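Engineer: First the structure, then my questions, so here it is.
The values are calculated or read from the model by the stated rules, or taken from the named source; none is laboratory data. Note that the coordinates shown come from a computational prediction; the quantities given were computed from them, not determined experimentally. Please note: Cβ atoms are built from the backbone with ideal geometry, for glycine as well, and neighbour counts cover all protein chains shown.
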Amino acid sequence: MASPSPWFGVSLLSGAGVSLVTVAAVFLSNVPEGLSSAAGMRKAGRSAAYIFGVWA
């Protein structure tokens, strides 16, 4: 999947803005990656505080 960043830039340059649905879709599409990374860090022995700090 292509990065959504160029689409955000193009829509902002055209004055259209970025729809809430698009922002929500990008957020939701990143949830599995974040969970996977957090699980990997936990398995590697990182603390919960460290993991939250990385994602905050």
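Engineer: Between residues in the stretch 12-25 that are at positive phi and at pLDDT below 75 and residues that are in a helix (DSSP H, G or I) and surrounded by 10 or more Cβ atoms within 10 Å (Cβ to Cβ), which pairs lie under 9 Å by C-beta distance while being six or more apart or on different chains?
Structural biologist: What qualifies is Gly17/Ser11.
Engineer: Another question, then. Cβ-Cβ below 8 Å, separation at least six or inter-chain, first residue in the stretch 28-56 and modelled with pLDDT of 90 or more, second of a type in the set (Lys, Arg): which pairs?
Structural biologist: Correct list of pairs: Ala48/Arg42; Ile51/Arg42.
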